[in-house]
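S.K.: Structure incoming, see below.
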């Protein structure tokens, strides 16, 4: 009985020690992370922001001393603008910085970026006026059709079009099948369906 009691006391003490070690390790990891963030912030001159990237955020591009504003997000890629130049870059190639900290130390630079951003918005609005929401792919070969369709969808999303359509004709249905198989693999497409009978039926695919 005495041995059993000693063993129980020993087990309790072991559990207590393991718990304390676990808490210590967690705190150490947290301290290391905070230290890394602090060091990175010093390196780039502004505070780092660990929250998810959204449109309007300021990011630092890679190891370059270049900051840019996020104007659109497409899965794991960002479209950003820096010094009136638009570019596409992977999310993992940028560091999000604290916007207030950036504005405080780069007010003139940000003013230029904001002006460029508004210029891009104006450009998008102009393109929206002439953009046709229906793409005619009748007679196209499969490879060309899919390339045009991909570009058409990208442009529609950039311009904020919620519904577009593809005219592929009925025929033997081969082109329609190829197009719809592609749409099934495109993660940005939520719904696609045939147009109503009076608006083209099976010869047109509506994409939303």
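S.K.: Over region 131-207, what is the relative contact order in percent, taking alpha-carbon pairs closer than 8 angstrom and at least six residues apart?
M.R.: Worked out over region 131-207, it gives 32 percent.
S.K.: Among DSSP beta bridges lying fully in region 131-207, give the percent that are antiparallel, nearest 5.
M.R.: Details: 7 of 10 bridges.
Roughly 70 percent of the DSSP beta bridges within region 131-207 come out antiparallel.
S.K.: What whole-number distance in Å separates the alpha-carbon centres of region 126-205 and region 46-106?
M.R.: Between the Cα centre of region 126-205 and that of region 46-106, the gap is 32 Å.
S.K.: Moving on to the next point. Calculate log10 I(q)/I(0) of region 116-208 for q = 0.17, 0.18, 0.20, 0.22 Å⁻¹, where I(q) comes from the Debye formula with a single equal point scatterer on each Cα and nothing for solvent.
M.R.: -0.73, -0.80, -0.95, -1.10
S.K.: At what distance in nm do the modelled label points of residue 91 and residue 150 sit from each other, each positioned 7 Å from its Cα along Cα→Cβ?
M.R.: 2.1
S.K.: Arranged from highest to lowest average of other beta-carbon atoms within 10 Å per residue, in what order do the peptides 55-61, 178-184 appear?
M.R.: 55-61, 178-184
S.K.: Just want the ordering: 135, 197, 159, from fewest to most Cβ atoms lying within 10 Å of their own Cβ.
M.R.: Listed from fewest to most nearby Cβ atoms, that is 197, 159, 135.
S.K.: Suppose a student asked you for the relative contact order of region 169-208, using Cα pairs under 8 Å spaced at least 6 residues apart; what percent would you report? Provide the component values of the computation, followed by the final result.
M.R.: Numbers: 35 pairs, mean separation 15.2, N = 40.
This gives 38 percent for region 169-208.
Only the coordinates and a few stated rules stand behind these numbers; no lab work does. What you see is a predicted model; the values in this text were computed from it and never measured. Cβ coordinates were reconstructed from backbone atoms using ideal geometry, including for glycine residues, and neighbour counts include every protein chain displayed.
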